[in-house]
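Read through the structure below, which is laid out as structure tokens, and then see the notes.
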Amino acid sequence: MLNRRKFLFASAAAAAGSTMLSAPFVRAQSQPVVIKMGALKLIHSIAPYFYEKFTPAGYKVEVIPFESPTEGKNAVVTKSVDYGMFGIAAATLGAAAGEPIVVIASACNKGMGVVAGKDSPIASIKDLKGKRVAIWPGSTQEVFILERLRMEGLSVKDITPVRISFSEMHLALARGDVDAYVGAEPAPGVSLASGIGKIVEYPYGTAMGALNMVFGAHRDTLKEKPELTKVILDIHAKASDYAMANKSEMVAMAVAKLGQKKEAIEASAPNVDLTWRFGDLEIGQAKTYAQHMLELKQIKQLPDFATFFDTSFVKQVKGQA
């Protein structure tokens, strides 16, 4: 009888323990998979703020903002984020240095502008000769303006480059610290809407086209989490297409997230092309871009293009569309 009582007591205790252990486990399993997405504090990176509309059940996207393209790229390399958006320049610099960065999609084309003071005599790229021009070193914009200068028979030696971050360029122009800047939206839009500046040129007339920002991941992430990559790219594609088809919502989101005036964002929006498609055209432009960087001695060697680009995930998204 005593043995039977001990058996029943032990069985009840085991059952209770099992129940206590299983409850937290069930709760843990019901928690969504969090995807950390790096984005820049620019209208170019506004698409991730629309991800929530298209995120399937069981997932949650956490958007983590970065000030500069290099910071965003480094976050992917160090796995601080799972995926990230940054300029093709930052991606190429990393890949050329042997970092395990892989471009798997586009993020934004255009979004650049060469801006001068509204009443300035500067009316063309040639007119930048002898002027103080704000340029962010290592940026996509830097490569574009150096190529445009070369096409006009000039070089960086013909101007006085001033190192200023994108977010400070408009203010620097307003103060008269510089004569012009090569900026990223929404700065050109802010300068236009405020009456401070005018567009000298949207520098898309090179073999690099309007290539600007890309969607990247760590090589390990693609290998270890292929299904997660498919999920985030599907979300990215739908969000990008939605934002482009609903410009008023894109403007409203940018105003809310970037803290800029509506008039400035409205002036910026036509110069922003949110995208996700990445194929032969974009790869060709990126290779041309890398070649320019090599000639400018911004990189010591070209990236291994076979590992730098992976269009397989975009192709799968296209197949589902």
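Report yes if Ala96 is of a type outside the set (Phe, Trp, Tyr), touching a Pro at 6+ places or on another chain (Cβ under 6 Å) and within 30 Å of Phe305 (Cβ to Cβ), otherwise no. If you could, list the steps in order and put the result at the bottom.
On the way: of a type outside the set (Phe, Trp, Tyr): yes; touching a Pro at 6+ places or on another chain (Cβ under 6 Å): yes; within 30 Å of Phe305 (Cβ to Cβ): yes.
So Ala96 fits the description; yes.
Taking the criterion of being closer than 18 Å to Thr275 by Cβ, buried (at least 18 other Cβ atoms within 10 Å of the Cβ) and modelled with pLDDT under 95, the only residue of region 297-321 that qualifies is Val317. Among the residues of region 253-275, some residue qualifies, meaning at least one is under 22 Å from Pro303 (Cβ atoms), of a type outside the set (Gly, Ala, Ser) and open to solvent by 10 Å² or more (accessible area, probe 1.4 Å). Do we have any residue at all in region 121-133 that's within 28 Å of the chain's Cα centre (by Cα), surrounded by 21 or more Cβ atoms within 10 Å (Cβ to Cβ) and under 20 Å from Ser68 (Cα atoms)? Scanning region 121-133, I find at least one residue that is within 28 Å of the chain's Cα centre (by Cα), surrounded by 21 or more Cβ atoms within 10 Å (Cβ to Cβ) and under 20 Å from Ser68 (Cα atoms), so the answer is yes. Look at (1) under 21 Å from the mean Cα position of the chain (by Cα); (2) modelled with pLDDT under 50 and you find that Lys6 fails only one, number (1). Checking each residue in region 232-281 for being in contact with a Gly (Cβ under 9 Å, 6 or more places away or on another chain) and either among the charged types (D, E, K, R) or within 19 Å of Lys60 (Cα to Cα) (or both) picks out Glu263, Glu266, Asp273.
Against the definition (of a type in the set (S, T, N, Q) and under 30 Å from Met37 (Cα atoms)), how does Thr221 come out, yes or no?
Details: of a type in the set (S, T, N, Q): yes; under 30 Å from Met37 (Cα atoms): yes.
Yes.
Considering each residue of region 25-53, count those that are at pLDDT 90 or above, crowded, with 21+ Cβ neighbours inside 10 Å and assigned to a loop (DSSP other than H, G, I, E, B), and give that number. Matching residues across region 25-53 total 1. Find the residue count for region 259-280, including only residues that are in contact (Cβ under 8 Å) with a residue 12 or more places away in the chain and under 23 Å from Ala210 (Cα atoms). The qualifying residues number 15. Among the residues of region 282-294, those that are touching a residue at least 40 places away in the same chain (Cβ under 8 Å) and within 18 Å of Gly216 (Cα to Cα) comprise Glu282, Gln285, Ala286, Tyr289, Ala290.
The values are calculated or read from the model by the stated rules, or taken from the named source; none is laboratory data. These numbers were taken from a predicted model, which means no experiment stands behind them. Note that each Cβ is placed from the backbone with ideal geometry, even for glycine, and that neighbours are counted across all protein chains shown. Side chains included, ligands, DNA and RNA excluded: accessible areas come from the protein's heavy atoms. Shrake-Rupley method; radii C 1.70, N 1.55, O 1.52, S 1.80 Å.
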